[in-house]
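The values are calculated or read from the model by the stated rules, or taken from the named source; none is laboratory data. Just so it is clear, the model here is predicted, and its values are computed rather than measured. Because the Cβ atoms are built from the backbone with ideal geometry, glycine has one as well, and the counts that use them run over all protein chains shown.
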Amino acid sequence: MNNDILTLVNSLREGTAGKTCMGTGNYSFDIITRREYPEGFVPGKRNKFEERILTMEIGNTCGNVMTMLPYLGVKTYPVAKLDMSPQGYRMKRDMKAYGADVRFVSNTRTGGTTILRCMHKLDDQGQPALSHKGSTGGKPWTGMSARPCRKYLSSKGGEVEALVASLDFTPDVFFFDIAQAGHRILAEQLREKGTMVYFEGDSDGHKLKDDKARKAAKRAFLRCVEASDVVKMSAELVQDLSFADDYPDKLFIQTMGAEGLQFKLGGGKWIKLDPIMNPDYQDYEGAGDWTSSTLIAALCSKGLLKVKDMTEQTVKEVLMMAQKIASYSVGFVGSKGMIHADETFKLLDDTLEMPHYTKKLMYLHGSASAGYSRTSMGILQYLPKDWQLLTPDCPVDAEECLKMLKDLCEKEKPDLIIGSSQGGYYAQMLRGYKRICVNPALDMSNDADVKVGSHQFVVNREDGVQKYVITPEIQDGYRRLEARQFEGITDADRELCYGLFGDKDTDYGHCKPVFAEHYNHIYTFPGGHKMEYDEIEKYLMPLVKKLV
């Protein structure tokens, strides 16, 4: 690691000892990938590529700031309500590993987790480019925007007030990056207690086409400005700066990309600072978050937690520190690549205390899908809170998958297995366990998702892989397994395995008579191949609770 940067980091750590920052806003599980072109790249042509995953970890603005600040010596307290997906738990573990105190981070069935894929590639002209795709847990990549799932802090039901009342300390800094009521109210209440509030202005809504929505976004933005001491924004998202003249008690910062940044302290004028260029540039993701994190750490280190104590000279000094570290950070891939490159910094223990469960269910998903899908989210929504739902991602190879599931069942010993479509095909072969097969695809070898060729997963897999390939050998494996799928059925199994068929299922409704030849319990519901949430509640859950 660069010695000058390490010296700067160490000097910040000396001054930030004992300082704290609470934060809430945008969190996501970032998957950083790179397209590689094994046959070379020809501009203007369709070039074959392979996608390689570089890193997978917590990210987005607040997620980065809450995990970058501990590296600079500031103790952080992120506030987040994540879901119970593998990615949701991984994000909480990541926060803890980077040094955040996760007492205000929960994984609940009503929480939200956003998965954001950042892809490094070449554009049509062969120039480096970065694209983003995002989705909430269980929804497809295709067509989804990169907007995060904002289920982190509600302004209703006294949630903010209860959080503030529970605090046994007053944070030195509060960071937020969403112009929504819950975050703003928390900012207002902490500011009254003496906390410096730092608002990363997301947008003033000027790009919205609807006039009513644009005005509402502007009002929300200005209310957050009013509740803050330091306001940082990008020139792309906030262009009209005339409002700043109305707030002489604040520090405003506008980042301008390759042109550097400018700031306005109190009633002063806007002062521009030139950028610090990095000739070893690789990835700009995270540069803005390093700017905010370093600025917060520097203000803490120099005891400048009140705007009245700042001068234009001291602001220049701390902003130059922020630019220096932000510029250095773009020489690494991934928002926190700089931390990973620092051999003197070690990640901390990331173990989590998991809930206590009285029952254990396993859900097996359909083809081209994943364990944490829309259907499993629906099942989870209606389960008693002390019941665990296991949602493994099934391997594409059928014989490999069945072996993995048998091993997993032996280890976990589920009280019930629920399989949908292809998952129902596997579930009925897991002898000795209570199973519910929902529209099981008993002639799976004919499914379009297992034809020879390249395919795409339609929902987010835990390993971040988007594509899979069916070879002739894998397809032969489906045929072999299909030919012996009913072997070894005992009289006990005929009672343990239940079929649940939609009477409008045009995909695998024809499998119902075959299932009836081997098992004693068959139910129908007025629906199609994929169960809707109301169908899960009305028809699947009563059967689940009857068997468990």
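Considering the range 24-79 alone, what residues qualify as being among the small types (Gly, Ala, Ser) and either out of contact with any Gly (no Cβ under 9 Å at 6 or more places or on another chain) or part of a loop (DSSP other than H, G, I, E, B) (or both)?
The answer is Gly25, Gly40, Gly44, Gly73.
Taking interchain pairs and intrachain pairs at least six residues apart, which have beta carbon atoms under 8 angstrom, with the first residue in the range 456-467 and in contact (Cβ under 8 Å) with a residue 60 or more places away in the chain and the second assigned to a strand (DSSP E or B) and of a type in the set (Asp, Glu)?
Going by the 8 Å Cβ cut-off, the qualifying pairs are Gln466/Glu51; Lys467/Glu51.
Take Gln381 and decide whether it is modelled with pLDDT under 90 and in contact with a Lys or Arg (Cβ under 8 Å, 6 or more places away or on another chain).
Taking the combined requirement at face value, the residue satisfies it.
Residue-wise test of (1) farther than 25 Å from Ala179 by Cβ; (2) at pLDDT below 95; (3) of a type in the set (A, V, I, L, M, F, W, C).
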site	(1), (2), (3)
Ser234	no, yes, no
Gln254	no, no, no
Leu295	no, no, yes
Lys306	no, no, no
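Quick one: would you say Cys394 is part of a helix (DSSP H, G or I) and crowded, with 19+ Cβ neighbours inside 10 Å?
Answer is no for this residue.
Scan the range 204-214 and give yes if some residue there is within 23 Å of Leu186 (Cα to Cα) and crowded, with 17+ Cβ neighbours inside 10 Å, otherwise no.
So far as the range 204-214 goes, yes, one or more of its residues are within 23 Å of Leu186 (Cα to Cα) and crowded, with 17+ Cβ neighbours inside 10 Å.
Show the residue pairs that are 6+ apart or on different chains and have beta-carbon atoms under 7 Å apart, the first residue being within the range 106-131 and without any contact (Cβ under 8 Å) to a residue 60 or more places away in the chain, the second being of a type in the set (Val, Ile, Thr).
Gly112/Thr136
Being under 15 Å from Lys512 (Cβ atoms) and touching a helix residue (DSSP H, G or I) at 6+ places or on another chain (Cβ under 6 Å) is the filter here; which residues of the range 437-456 pass it?
Matches in the range 437-456: Cys437, Val438, Pro440, Ala441, Leu442.
Given the criteria modelled with pLDDT under 95 and in the same structural domain as Glu399 (by TED's automatic domain parsing), does Asn446 qualify?
Taking the combined requirement at face value, the residue satisfies it.
Being closer than 20 Å to Cys118 by Cα, out of contact with any strand residue (DSSP E or B) (no Cβ under 8 Å at 6 or more places or on another chain) and not hydroxyl-bearing (Ser, Thr, Tyr) is the filter here; which residues of the range 322-339 pass it?
Those that are closer than 20 Å to Cys118 by Cα, out of contact with any strand residue (DSSP E or B) (no Cβ under 8 Å at 6 or more places or on another chain) and not hydroxyl-bearing (Ser, Thr, Tyr): Ala326, Val330, Gly331, Phe332, Met338, Ile339.
In the range 488-510, which residue that is charged (D, E, K, R) and closer than 26 Å to Val548 by Cα is farthest from the chain's Cα centre (by Cα)?
Among those residues, the one meeting the criterion is Asp491.
On the given criteria, is Gly18 more than 22 Å from Ser131 (Cβ to Cβ) and modelled with pLDDT of 95 or more?
When the stated conditions are applied, Gly18 passes them.
Among the strands (runs of 3 or more DSSP E) contained in the range 225-272, which hold 2 or more residues that are within 30 Å of the chain's Cα centre (by Cα), among the hydrophobic types (A, V, I, L, M, F, W, C) and surrounded by 12 or more Cβ atoms within 10 Å (Cβ to Cβ)?
230-234, 251-255
Starting from residues that are surrounded by fewer than 22 Cβ atoms within 10 Å (Cβ to Cβ) and not in a loop (DSSP other than H, G, I, E, B), keep the ones in the range 176-196 and report whichever is farthest from the chain's Cα centre (by Cα).
Among residues in the range 176-196 that are surrounded by fewer than 22 Cβ atoms within 10 Å (Cβ to Cβ) and not in a loop (DSSP other than H, G, I, E, B), the one farthest from the chain's Cα centre (by Cα) is Glu192.
Show me the strands (runs of 3 or more DSSP E) entirely contained within the range 450-523 in which 3 or more residues are touching a Lys or Arg at 6+ places or on another chain (Cβ under 9 Å) and surrounded by 13 or more Cβ atoms within 10 Å (Cβ to Cβ).
In the range 450-523, the matching strands (runs of 3 or more DSSP E) lie at 497-502.
Can you pull out every residue in the range 351-373 that is under 25 Å from Asp94 (Cα atoms) and surrounded by fewer than 18 Cβ atoms within 10 Å (Cβ to Cβ)?
Listed by number, the residues that qualify are Thr351, Leu352, Glu353, Met354, Pro355, His356, Tyr357.
With respect to Tyr433, determine if the residue is among the aromatic types (Phe, Trp, Tyr), surrounded by fewer than 18 Cβ atoms within 10 Å (Cβ to Cβ) and outside the structural domain of Ile32 (by TED's automatic domain parsing).
yes
Given the conditions (1) more than 30 Å from Leu82 (Cα to Cα); (2) in a helix (DSSP H, G or I); (3) of a type outside the set (Gly, Ala, Ser), which single one is not true for Tyr433?
It is condition (2) that Tyr433 fails.
Looking at the range 19-52 only, could you name the residues that are within 30 Å of Leu163 (Cα to Cα) and either free of Cβ contacts under 8 Å to residues at least 12 places away in the same chain or touching a helix residue (DSSP H, G or I) at 6+ places or on another chain (Cβ under 6 Å) (or both)?
Once the filter is applied, which keeps residues that are within 30 Å of Leu163 (Cα to Cα) and either free of Cβ contacts under 8 Å to residues at least 12 places away in the same chain or touching a helix residue (DSSP H, G or I) at 6+ places or on another chain (Cβ under 6 Å) (or both), the range 19-52 yields Lys19, Cys21, Gly23, Thr24, Gly25, Asn26, Tyr27, Phe29.
Here are the criteria: (1) assigned to a loop (DSSP other than H, G, I, E, B); (2) touching a helix residue (DSSP H, G or I) at 6+ places or on another chain (Cβ under 8 Å); (3) more than 21 Å from Gly59 (Cα to Cα); (4) aliphatic (A, V, I, L, M). Tell me which single one Met354 does not satisfy.
(2)
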